[in-house]
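Report on one structure; see the data block that follows.
The values are calculated or read from the model by the stated rules, or taken from the named source; none is laboratory data. Only a predicted model underlies this, so the values are computations on that prediction, with no experimental measurement involved. Cβ coordinates were reconstructed from backbone atoms using ideal geometry, including for glycine residues, and neighbour counts include every protein chain displayed. Just the protein is used for accessible areas: all its heavy atoms, side chains included, with ligands, DNA and RNA removed. Shrake-Rupley method; radii C 1.70, N 1.55, O 1.52, S 1.80 Å.
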Amino acid sequence: MTTVGIDAMEIWTGKLKLDLPNTFAPEKGEDPAKYTKGLGLNASSFPDSYEDIVTMGANAAKKLMDRKGLEPDDIGRIDVATESSFDNSKPISTYIAGCLEQVYEGDFHHANKGERKFACIAGTQSIDDAYNWIRAGRNRGRAALVIATDTALYARGDAGEATQGAGAVAMLIDEDPDLVELSMEQGYGSADETDFLKPNQQFPSVDGKRSVKVYLARMREALEDYESVAGKIHPDDFAYGPFHTPFPGMVRKAALLAYRHIIRDTEVEDELADEIGRQPRQEAFDDDEEFTEALREYMDALKGTEQYQDWYGRTIEPTLGISREVGNWYTGSVHIARLSALMHAAEKGEDLAGKKLLVGSYGSGAQAEIHAETVSENWLEEVEALDVDEQIDARYDLSWEEYEEVHDRHNHEKDKELEEFTAPQNEFAFDGWGRMGERKYRYVE
């Protein structure tokens, strides 16, 4: 059977940077460690005045198409995942296709275009749609372009303000992929929740403590569901575990929960029993509160063991590198976690071909998905072709006053004029408003 997966990836980060320990923390009168150690973030990316979800998505897509030598006729499907859309009817994929048609011969008139929305999991859902489209034989030999693009802004003074970010990930989904092959098996955890939502508003309403609980609950359900079809998994089955990363501190919680689950009834649990005891089993308790307290104590002990810390350092920590520097990209966050892991492996000279990733996606509202990916033979060539570090290093470092101006610039209610901090070059840029209130774009050489 022909394999299907991610053939190539490219990113485009917002071209501005907010330094959290040196700019944000002093203004807030807080210890920088609250951000660097607590949240696990060093900086956030922001779009310049001429950037938005369309320009970032189109620029990432163009980088991918140019590098892979693709033309519009090679693409049969364009799906955009975003929770930052500014149009309630016309999908962002049409705007991006229109941008790309400015620079390529031919057009995307015969490509199916759509927009996916389910908070941060929509990028993974778009990959699933493309996978199914190819597996069904409806692609006619063409590939799918999946773009996750978001500007994750919070209201000024909101608890989530420090986790903001902006950027896009473009992914080519195709047969015989050069990067990773997607598994047939998937696991889901889904429920009607109100942990994070935007009811006809730009900035989210967030119940922070509840959001963490919902995230962990849905991830646990998805992992259990995945094992029901893929079989029991073991910590050594996977080289890396990219998780949805709104901020790295959240992943620390999810990783501990996942590790406890996957070592249960394995030799790892047996080896740890002399040090911290065996995991509490609910059937051994008459009282739910007693069981919950026993489980909490076990988790605290597990977190301090050498076995867990070694696994976390090898499997999870390498997935957080990009997120630490750019913040939350919503639909793109799990995909830059994957890319962080692959970049780390390339830097360390690891031979990843044939090894597996366990990918955990999540979207508030709420749904989680767990699936596996097998790293392809040509993965290293794909990763070495990227300029992620160069993009991150090239960002303009905002002062606090400049940050306030940029936030107002991208606040839909204010939409104030602002001179750009960087000069667009060889990229798409916002070019004003059309006769029906639509956004217009041009390619700047």
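A Cβ distance below 8 Å, combined with a sequence gap of six or more or placement on separate chains, defines the contacts here; from the stretch 410-433, residues that are aliphatic (A, V, I, L, M) reach residues that are open to solvent by 90 Å² or more (accessible area, probe 1.4 Å) in the pairs ALA429/ARG442. Return yes when LEU197 is in contact with a helix residue (DSSP H, G or I) (Cβ under 7 Å, 6 or more places away or on another chain), on the phi < 0 side of the Ramachandran plot and in contact (Cβ under 8 Å) with a residue 60 or more places away in the chain and no when it is not. So LEU197 fails the test.
Applying the selection to the stretch 341-368, what residues are in a helix (DSSP H, G or I) and either without any contact (Cβ under 8 Å) to a residue 12 or more places away in the chain or within 11 Å of the chain's Cα centre (by Cα) (or both)? It would help to see each step written out before you state the result.
As a first pass, look at the stretch 341-368 and keep what is in a helix (DSSP H, G or I): 341-348.
Listed by number, the residues that qualify are GLU347, LYS348.
Reported count of residues in the stretch 144-169, each being assigned to a strand (DSSP E or B) and either modelled with pLDDT under 95 or β-branched (Val, Ile, Thr) (or both), is 5. If the condition is being at pLDDT below 95, part of a loop (DSSP other than H, G, I, E, B), among the polar types (S, T, N, Q) and surrounded by 13 or more Cβ atoms within 10 Å (Cβ to Cβ), then the stretch 190-245 contributes THR194, GLN202. Surrounded by fewer than 19 Cβ atoms within 10 Å (Cβ to Cβ) and under 30 Å from THR13 (Cα atoms): is that true of ARG252 in this structure? Answer is yes for this residue.
Which of the residues belonging to the stretch 1-45 are in a loop (DSSP other than H, G, I, E, B), open to solvent by less than 10 Å² (accessible area, probe 1.4 Å) and under 24 Å from ALA61 (Cα atoms)? Scanning the stretch 1-45 gives a single hit, GLY14. The condition of being touching a residue at least 60 places away in the same chain (Cβ under 8 Å), touching a Cys at 6+ places or on another chain (Cβ under 6 Å) and open to solvent by less than 30 Å² (accessible area, probe 1.4 Å) holds for only one of ALA81, ALA58, that being ALA58.
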